[in-house]
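Working notes for the structure below.
The values are calculated or read from the model by the stated rules, or taken from the named source; none is laboratory data. Please read all numbers here as calculations on a predicted model, not as lab measurements. Because the Cβ atoms are built from the backbone with ideal geometry, glycine has one as well, and the counts that use them run over all protein chains shown. We work out accessible area using only protein heavy atoms, side chains counted, and drop any ligands, DNA or RNA first. Shrake-Rupley method; radii C 1.70, N 1.55, O 1.52, S 1.80 Å.
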Protein chains: 2
Amino acid sequence: MPDATPIDAREDQLGSVVYDANGLVPAIVQDRASGEVLMMAWCNEKTLRMTLEEGRTVFWSRSRQEVWRKGDTSGERQWLRSASYDCDGDTLLFVVDQEGGGACHTGARSCFFRAFGVDDTATT
Amino acid sequence: MPDATPIDAREDQLGSVVYDANGLVPAIVQDRASGEVLMMAWCNEKTLRMTLEEGRTVFWSRSRQEVWRKGDTSGERQWLRSASYDCDGDTLLFVVDQEGGGACHTGARSCFFRAFGVDDTATT
């Protein structure tokens with residue numbers, strides 16, 4: 001696994017992305033092998049370009065107000081395999097190979113480990 | 001397929017959801033059978049409760065500023081099979097059985113049908 005495969009996006013594709021009032025767009029991260037939705041985070045235009053050029057996910061941390069190169073601290077890097085934008089351009093989907101134990105800061109593989117309902121352990 | 005299976009969420013689970021300044025939380029919708037990410041939309045507290053109680057996705061339309069019971073017009077309803085919230089409570093994941101042709105208003109199965117790169121047809 002760990003290897004970076006940059007994606008050479010066209011400017012018209014990058015120009016189709018719609019940012020919110022804070023200059024951010026939500027990015028869903030999905031595991032390539034399992035299809036599991038791992039997490040959602042936010043990109044600005046700069047970190048979207050970094051993600052595509054570096055071939056690994058780079059977000060904008062809203063809490064720290066800084067570039068967040070996922071896994072630089074934890075080792076749990078996400079190697080980009082494809083990147084899509086939705087019909088109205090305001091959401092991104094990154095399909096990745098997840099390195100390390102998982103995407104979540106809790107140690108869970110996916111951040112979505114709590115389900116609504118009586119049995120609150122998510123099965124997805 | 002089409003059948004509603006309500007989810008009986010606990011109040012402490014519902015209370016774990018964090019809404020943004022507009023009272024909204026993003027909801028990722030994933031197809032149960034294929035694992036495909038179909039779309040992302042937004043819920044407020046009312047439409048999250050409606051989704052769980054009715055067993056089908058109900059969103060808040062930001063453009064129309066009204067309750068959006070997905071599929072009432074198009075027939076492309078989404079039958080809820082599980083619903084999760086992430087580690088910090090600010091994103092939802094709905095796993096659904098998608099009725100009809102797809103989730104996207106363009107007729108595509110998934111809203112994420114455009115990929116960055118030379119070949120801009122998404123494969124996920």
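Against chain B, whose longest principal axis comes from its Cα atoms, helix B:45-54 is set at around 80 degrees.
Association of chains B and A removes close to 3500 square angstrom of accessible area from solvent, both sides included, for a probe radius of 1.4 Å. Label-to-label distance for A:Asp72 and B:Asp120 is 3.1 nm, based on points extended 7 Å past Cα in the beta-carbon direction.
At 1.4 Å probe radius, can you tell me the per residue accessible area of chain A in Å²? Let's see the in-between values first.
Working: 5450 Å² over 124 residues.
Per residue, chain A has an accessible area of 44 Å².
Of all beta-carbon atoms in chain A, the one sitting closest to the axis that brings chain A onto chain B gives A:Gly35, 1, with the distance in whole angstrom.
Inter-copy label distances at A:Thr106, shortest first and taken from points set 7 Å along Cα to Cβ: 3.5 nm. So if I take the alpha carbon set of the range B:45-124, get Rg, then get Rh from the Kirkwood formula, what is the Rg over Rh ratio? With Rh from the inverse mean 1/r over Cα pairs, Rg/Rh is 1.01.
Given a Förster distance of 22 angstrom, what is the FRET efficiency for B:Arg49 paired with B:His105, based on the Cβ-Cβ distance and rounded to 0.05?
That pair, B:Arg49 with B:His105, gives E of 0.35.
Using the Cβ-Cβ distance between B:Asp12 and B:Gln65 with R0 = 22 Å, the FRET efficiency computed as 1/(1 + (r/R0)^6) comes to roughly 0.15. Each Lys and Arg Cβ is given +1 and each Asp and Glu Cβ -1; about its Cα centre, chain B then shows a dipole of about 320 debye. Label-point spacing at A:Thr73 relative to the other copies reads 4.4 nm, in ascending order, each point sitting 7 Å out from Cα along Cα→Cβ.
Shielding by partners for peptide A:107-115, expressed as the average number of C-beta atoms from other protein chains within 10 Å of each residue's C-beta, is 5.
Can you give me the % of accessible surface on the protein assembly as shown that is carbon or sulfur? Probe 1.4 Å, all protein chains present, nothing else counted. Walk me through the intermediate numbers first.
Values: 5200 of 10880 Å².
Carbon-and-sulfur percentage of accessible area, whole number: 48.
Label-point spacing for A:Thr5 across the identical copies (point 7 Å from Cα in the Cβ direction), in nm and ascending order: 3.5.
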